[in-house]
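I have placed the structure first, in the form of structure tokens, so that the comments after it can refer back to it.
The values are calculated or read from the model by the stated rules, or taken from the named source; none is laboratory data. Predicted model only: the values in this text are computed from it and were never measured. Cβ: placed from backbone, ideal geometry, glycine included. Neighbour counts: every protein chain shown. These area figures cover heavy atoms from the full protein model, side chains too; ligands, DNA and RNA do not enter into them. Shrake-Rupley method; radii C 1.70, N 1.55, O 1.52, S 1.80 Å.
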Amino acid sequence: ELTDEGDLAYQWEKWLWLFALMFHWGFFFVLIRHLRFFTDPVPGFVTLWEKIDGVFWVDLQALYLTGFLMVGGLCLLLCRRLFLNKVRYISLLNDYFPLFLLISIGCSGMLMRYLTHADITRVKELAMSWVTFHPAMPGEISVMFYIHLALVCVLLIYFPLSKLMHAGGIFFSPTRNMANNNRMVRHINPWNPTVKVHTYEEYEDEFREKMRAVGLPLDKDE
């Protein structure tokens, strides 16, 4: 904001960080739980996390908190883009599409988990057939499962072409892969092409008479 004194004032986006952390951590632990479908035997840490994540039970069914955390964080991020004028003004289609896609994936998974009740045994048989490179159809599962699977496939196709690819940036962060001495040493990429620069001194030498004619200030008035 621009204050009455003419100064720029900045505000810490604590709500953005909170919503983003809710989504990212929720999504991470949801992926950890999904390892159950692609491993045999199931690793112990996956089983342990399922017990922690599903500590609350309703009607003899575990409610996985990270699923609600993930979808809740995404919905709050979407509301931030929809209802904050400044954020909505700079938002583009490629800002909304990933949010709607991820929300659809999360909601379809939760519907399949808590309402339509897909056949988990057949889901694992299908997943294991992919992992072992022996694809096979174990039988009818559920329509919601195939909707969920189609949305996940769209995400996998869209992921490397989108801003979601920032997830891979953690492996290329300068603070992890370079010496933290940027204030003392200038690091230049060896593959950068040589650029012929045109210094201000050369620019002034070239246009001195024209600059003097229109009254522009000169460093060297020769």
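Points worth noting:
- Spin-label model distance (nm) - residue 8 vs residue 192, 7 Å beyond Cα toward Cβ: 2.4 nm
- Cα convex hull volume per residue for segment 103-193 (Å³): 183 Å³
- Degrees separating the helix 93-111 axis from the principal Cα axis of the chain, which is the longest one: 20 degrees
- Modelled FRET efficiency - R0 45 Å, residue 15 with residue 212, Cβ distances, 0.05 increments: 0.25
- Computed from the Cβ-Cβ distance with R0 of 45 Å, the FRET efficiency linking residue 176 to residue 200 stands at 0.75.
- Segment 20-120: proportion of alpha-carbon pairs further apart than 24 angstrom, %: 31 percent
- Sparse-neighbour loop sites [chymotrypsin sites (Phe, Trp or Tyr not before Pro); segment 12-84; at most 10 other C-beta within 10 Å; DSSP]: 12
- Surface accessible to a 1.4 Å probe, per residue, for the residues of segment 85-222, Å²: 78 Å²
- Distance between the C-alpha centres of segment 25-60 and segment 151-213: 41 Å, rounded to the whole angstrom.
- Extension gain, residue 85 back to residue 154 (0.36 nm per residue minus Cα-Cα distance, nm): 21.9 nm
- Average projection area in nm² (convex hull over Cα atoms of segment 79-142, one quarter of hull surface): 6.3 nm²
- Gaussian network model of the chain, springs between alpha carbon atoms under 10 Å - residue of 211, 110, 70 with greatest fluctuation: 211
- Computed P(r) (all Cα pairs; the chain; 5 Å bins; percent): 1, 5, 8, 11, 12, 11, 10, 9, 7, 6, 5, 4, 3, 2, 2, 2, 1, 0, 0
- Percent carbon-and-sulfur accessible area, segment 92-156, ignoring ligands, DNA and RNA, probe 1.4 Å: 75 percent
- Among the trypsin sites (Lys or Arg not before Pro) in segment 151-222, those located in a DSSP loop and surrounded by at most 16 other Cβ atoms within 10 Å of their own Cβ are 183, 186, 196, 220.
- Counting charges near residue 15 (Lys, Arg +1; Asp, Glu -1) among other residues having Cβ under 13 Å from its Cβ returns a value of +2.
- Counted residue by residue at 0.36 nm each, then reduced by the alpha carbon distance between them, the extension gain from residue 119 to residue 59 reaches 19.7 nm.
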